[in-house]
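The structure appears right after this line, and notes come after that.
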Amino acid sequence: MSRRAKASQADGRPRMRLLLRHASRDFRLMWGGQALSLFGSQLTGLALPLAVLRFHGSAVDAGLVIAIRYLVTTAARLPAGAVADHLDRRRLMVAADTVRALAMLGISGLLLAGSLPMPVLIPLAAAEGAGTAFFSPAQAAALRHLVGPGDLTVALGLNQARGYTVTLVGPLFGGLLFAFAPWLPFVLDAATYVVSCLCVAAIRGALGGGTASQDPAMREAISGLRYVLRNRFLLTLTAWAALLNFATAGIGFGLVLVVGPGHGVGVGAAYSAVACAGIVGAMLAPGMLRLPAKAIIIGASVLTPLLCAAVAADPVPAVAIAGLSGITLLAPMIAVPFDSRVYAVVPDEWTGRVQGALFLVGGSIYPFGGVAMGALAQHGSPRLGYAVLTAVLAAVLALTVTPAFLQQLTEFDAAYRPAEPEPPHDDHEPRSVQPESAGPLGAH
């Protein structure tokens, strides 16, 4: 990487604005289309269970729809990663968005007709989940074709900020639109999928994929998981991500219990504060890389269980909001360097399968974090729940200081640590779209 590319990592928030303003047309199309698509998903993420409750009056039915959608999404992760490597990624994302748009239009049609039969609703929700499973690894694998290595950490920070922003505003608008007309959030979600589809189709550059394979479909589906299992860094990363996701899900649900389930406005305000902290963290993360990544990540990994322990010691609303906001602020500073290293150690032709495996394993126990927190709070107290989650975060810290992680952080600093800036000059240095590769399968 050139000194000039390295120096670009240190600009922080101004660099983010410059990337959005001056990045390739293709990156802006992908980023903007996904911002709208994620916003639409936030609208229906709240509206779907509300619709089931309104038409069926059954919390069990509402939970069943959400659970089946989640299970379908999870089950499709591995085959979706293989497809993302062996089919043209642009066409795959267009097809996935088309399926998701049709599913949302189908649900809106049911609501407009005044009925919501479960035998029809469940397949539609499952189809939307499957579309998401196939879109996600293709989109993640395509990123390296949209920005050069010098802008990768900034692009990842922008993606994190995008996610927190739609989480901040999406559920609020989803609730308001559902109150006005139950079908409206689903129509708007379908429209955002159509816009995303058009944005992806309009991208001119190649997005990778299309590599031939003679292996059986099942072998291809699990090949990404085998790749992860053979690489010490990726294997440790999946365990690290799974535990961290479990803990953050439990901590987030604990906020509802501490603020009070009967105080909807207070819970909404608390989650808004947490989302704002995430946005700030995502904006700061690329600029923080002017410091050694090892120091940032280890420091953040130490502070995270300490913040959770503070909530366990005094689980009152103000402390819980401050603690979870602090954890959310630190999360992008940990995630961005690790995400960057995944792109560095995994060749492009394996990225879809590896991302599928990481999505599967890293998110496999996420839903159970809230269940564990609820059970611990019900049979003990929120204090007990936060104490157990503090222990989980301590385990995350232990994984962070393993040799496999520390070696990758050292290599990250060697590749991305800002150099002394050169005097400005008017060159037009071509950008490489292929980051360094760790070599053959199983290289550590």
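The values are calculated or read from the model by the stated rules, or taken from the named source; none is laboratory data. For clarity, every value in this text was computed on a predicted model and none was experimentally measured. Neighbour counts run over all protein chains shown; Cβ positions are idealised from the backbone, glycine included. Remember, those area values only see protein heavy atoms, side chains included, never the ligands or the DNA or RNA. Shrake-Rupley method; radii C 1.70, N 1.55, O 1.52, S 1.80 Å.
Each residue of the stretch 39-52 was assigned a 3J(HN,Hα) from its phi angle through the Karplus curve 6.51 cos²θ - 1.76 cosθ + 1.60 (θ = phi - 60°); the sequence is 4, x, 5, 5, 4, 7, x, 8, 5, 4, x, 5, 5, 5 Hz, with glycine and proline shown as x.
Were the residues from Ala201 through Val60 laid out at 0.36 nm apart, the gain over their Cα-Cα distance would be 46.8 nm. Once C-alpha pairs closer than 8 Å and six or more residues apart are averaged by separation and normalised to the residue number of the stretch 300-352, the relative contact order reads 37 percent. Full extension of the chain segment joining Leu71 with Leu172 gains 33.8 nm, where the gain is 0.36 nm per residue of separation less the Cα-Cα distance.
Of the trypsin sites (Lys or Arg not before Pro) found in the stretch 129-233, those that fall in a DSSP loop while having at most 16 other beta-carbon atoms within 10 Å are Arg204, Arg230. Calculated mean residue ellipticity at 222 nm for the chain: -27000 deg cm²/dmol, from DSSP H runs with n ≥ 4 weighted as -39500 (n - 2.57), summed, divided by the residue count and rounded to 500.
Placing pseudo-labels 7 Å out from each Cα toward the beta carbon at Thr211 and Arg226 gives an inter-label distance of 1.4 nm. Modelled spin-label separation between Ala398 and Ala179, with each label point placed 7 Å from Cα along the Cα-to-Cβ direction: 4.7 nm.
Scan [x] 33, 28, 21; [y] 36, 29, 21; [z] 63, 26, 19 for the value of semi-axes √(5λ) of the Cα gyration tensor in Å calculated from this model and give just the label. After the calculation, the listed value that fits is [x].
Of the accessible area of the chain, computed with a 1.4 Å probe over protein heavy atoms only, carbon and sulfur atoms account for 69 percent. For the pair Met118 and Arg91 in one chain, pulling the backbone fully straight at 0.36 nm per residue adds 6.6 nm over the alpha carbon distance.
Phi angles of the stretch 380-391 translate, via the Karplus equation with coefficients 6.51, -1.76, 1.60 and θ = phi - 60°, into HN-Hα couplings of x, 6, x, 4, 5, x, 5, 5, 5, 5, 4, 5 Hz per residue; Gly and Pro are given as x. Measuring only protein heavy atoms, the 1.4 Å probe finds His86 accessible over about 40 Å².
On the beta carbon distance between Thr410 and Leu102, with R0 = 41 Å, the FRET formula returns roughly 0.30.
Our coupling estimate for the stretch 392-407, obtained by passing each phi through the Karplus curve with A = 6.51, B = -1.76, C = 1.60 and θ = phi - 60°, is 4, 5, 5, 5, 4, 4, 4, 5, 5, 9, 6, x, 4, 6, 4, 5 Hz, Gly and Pro reported as x. A protection proxy built from the mean count of other Cβ atoms within 10 Å ranks the segments 327-333, 70-76, most packed first, as 327-333, 70-76. For the chain, relative contact order (Cα pairs under 8 Å, six or more residues apart, normalised by length) works out to 28 percent.
Let me make sure I get this right: for the stretch 119-179, a, b and c are the square roots of the gyration tensor eigenvalues over alpha carbons, sorted descending. Under 1.5 in a/c it's rounded, otherwise prolate if a/b > b/c, else oblate. Which is it? Taking the square roots of the gyration eigenvalues as a ≥ b ≥ c, the stretch 119-179 is oblate. Rounded to the nearest 0.05, the FRET efficiency derived from the C-beta distance between Ala375 and Val302 at R0 = 22 Å is 0.20. Calculated accessible area for the stretch 310-397 comes out at 34 Å² per residue, all protein chains present (probe 1.4 Å; ligands, DNA, RNA ignored). Shape call for the stretch 103-223 from the C-alpha gyration tensor, a ≥ b ≥ c root eigenvalues: rounded (a/c under 1.5), prolate (a/b greater than b/c) or oblate? Since a/c reaches 1.5 but b/c is at least a/b, the shape of the stretch 103-223 is classed as oblate.
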